[in-house]
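Novice: Let me give you the structure first, and then I'll get to my questions.
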Amino acid sequence: MGPGHPECPQRLDAIEDRLLMTGVGDALERRDAPKAMASDLELGHDRLHIAAIRGLSEMAADNQAVGGPATLMLDTDTSVNAHTWNAALRAAGAALAATDAVIGGEMENAFCAVRPPGHHATRKQAMGFCFFNNVALAAKYALMRHQLQRVAIVDFDVHHGNGTEDICAGDPHILMCGIFQHPFYPFSGDKNPADNLLNVPVPAYTKGMDIREIVETYWMPRLEAFKPEMIFVSAGFDAHREDDMGQLGMVEADYAWITHRIKDVARRFSKGRIVSCLEGGYMMTPLAASVEAHIRVLADL
C-alpha cells in the first residue's frame, strides 16, 4: 500500500515470529497459497472489476519501470502496485484451497494468514485495503463447487464487512453474523437489508465481556437454527483494545472465547469444518498474540 501504511508486510512477519517463538508453528501443517482462477473470482465479483484490478496492477508496473510512482491510489486508503494482482489472487486462492482441503477431509480446519484482506471488497469495488473478498468467495465456492447447502460467515473485525454483505445478501444458503464498531468506517451495517444477515453494531469502547454476551444472545441462536455445514471466519483483530485503528476493548482471551463458540457450532453441525482468513489487525504485538490465541483454539493446542 506504500510507505507508512498500516496494511503492511510486517503484519505477517509479526504473526510468523510469534508462532515460531511460542512453538505453535511447530504443530501446524503449512501450505503455500495457489492463485485463484478467474472463474472462481467470478463467483463473487463482476468481470469488469476483476479486469480492472489486473489492468491497474499492470499499469503500476509500467509506471514504475519508467521511473514513475510505484503505487496508484484507488481511494484515500487503498492503492495498487505491480504486485497487487498476484498478491490478491493468492489471498483468495488460499481461502479456496483451504476450503478444498477441509471439505476433502485433509484437515479439520484452516487459518489463512493472507494479505491483502478482503471483507470490504464488494462485487464491483475495491476499498478499505481489500481487492477480492476472500471469505465471501470461499463461501460461494463451497456452495457452488462442493454442493454444500448451508454455510455461515462470522466476522468479528472492528469494521463492518460491507463487501461480504454486498456479495451474500439475500442468499438463503449463507448466514452472515457480524459484530463491529458503529458509527465507523465504512459507515454501514446498522441495518439488515436481508434476512440472512445478522449485523450487530456496537458503540466505541464496548468491552470484550459485552461482546461475548452479544455473541451468546444473538449469534448463537441463529447459527444453531441455521445448522451450517461449514463456517467461514473473517478474522479481524483490530477490535483489540491496544489497536488504535478502532476503539473497541477486546483482548486475546475474548478472541479465544469466540473461536471456542464458533468451534462448538462447527463440531455439532459442520463436521468441525472451519476456514478462517485474516482481515484486520494493525498493531503488531496484539495482532500476533490474538492470532496465536485464535489458532491455539482451532488446533486444540
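Novice: If you count only protein heavy atoms and use a 1.4 Å probe, how large is the accessible surface of Cys168, to the nearest 10 Å²?
Specialist: 0 Å²
Novice: Give the span of the range 184-240's Cα atoms along each principal axis, as three whole-Å numbers ordered largest to smallest.
Specialist: 32, 26, 19
Novice: What accessible area, in Å² to the nearest ten, does a 1.4 Å probe give for Lys227?
Specialist: Lys227 has an accessible surface of roughly 90 Å² with all protein chains in place.
Novice: Could I ask something else about it? With a 1.4 Å probe and all protein chains left in place, how much accessible area per residue does the range 137-187 have, in Å²?
Specialist: It amounts to 31 Å² per residue over the range 137-187.
Novice: Using a simple charge model, +1 on the beta-carbon of Lys and Arg, -1 on the beta-carbon of Asp and Glu, nothing else, what dipole does the range 39-101 show about its Cα centre, in debye to the nearest 20?
Specialist: The dipole of the range 39-101 has a size of about 120 debye.
Novice: Run the accessible area of the range 158-206 with a 1.4 Å probe and give the carbon-and-sulfur part as a rounded percent.
Specialist: Of the solvent-accessible surface of the range 158-206, carbon and sulfur hold 58 percent.
Novice: Also: How large is log10 of I(q)/I(0) for the range 1-148 at q = 0.12, 0.14, 0.18 Å⁻¹ when the intensity is taken from the Debye formula with one equal scatterer per alpha-carbon?
Specialist: Log10 of I(q)/I(0), two decimals: -0.54, -0.72, -1.08.
Novice: Multiplying the sequence separation of Ala27 and Tyr218 by 0.36 nm and subtracting their Cα-Cα distance, what value in nm do you get?
Specialist: Here the answer is 65.4 nm.
Novice: Give the Debye-formula value of log10 I(q)/I(0) at each listed q (0.11 Å⁻¹), with one equal scatterer per alpha carbon of the range 146-245, two decimals each.
Specialist: The Debye formula, applied to the Cα set alone, gives -0.31.
Novice: While we're looking at this one, here's another question. Are any of the pairs Lys207/Lys227; Lys140/Lys271; Lys140/Lys207; Lys191/Lys227 more than 26 Å apart by Cα-Cα distance, and if so, which?
Specialist: Pairs exceeding the cut-off: Lys207/Lys227; Lys140/Lys207.
Novice: If you don't mind, another one. Considering the Cα positions of the chain, please state its Rg to one decimal place and its Dmax as a whole number of Å.
Specialist: 17.9, 58
The values are calculated or read from the model by the stated rules, or taken from the named source; none is laboratory data. Since the model is a prediction, treat every value here as computed from it, not as a measurement. Every residue, glycine as well, gets a Cβ built from its backbone with ideal geometry; the counts of neighbours run over all protein chains shown. SASA here: full protein model, heavy atoms, side chains in, ligands and nucleic acids out. Shrake-Rupley method; radii C 1.70, N 1.55, O 1.52, S 1.80 Å.
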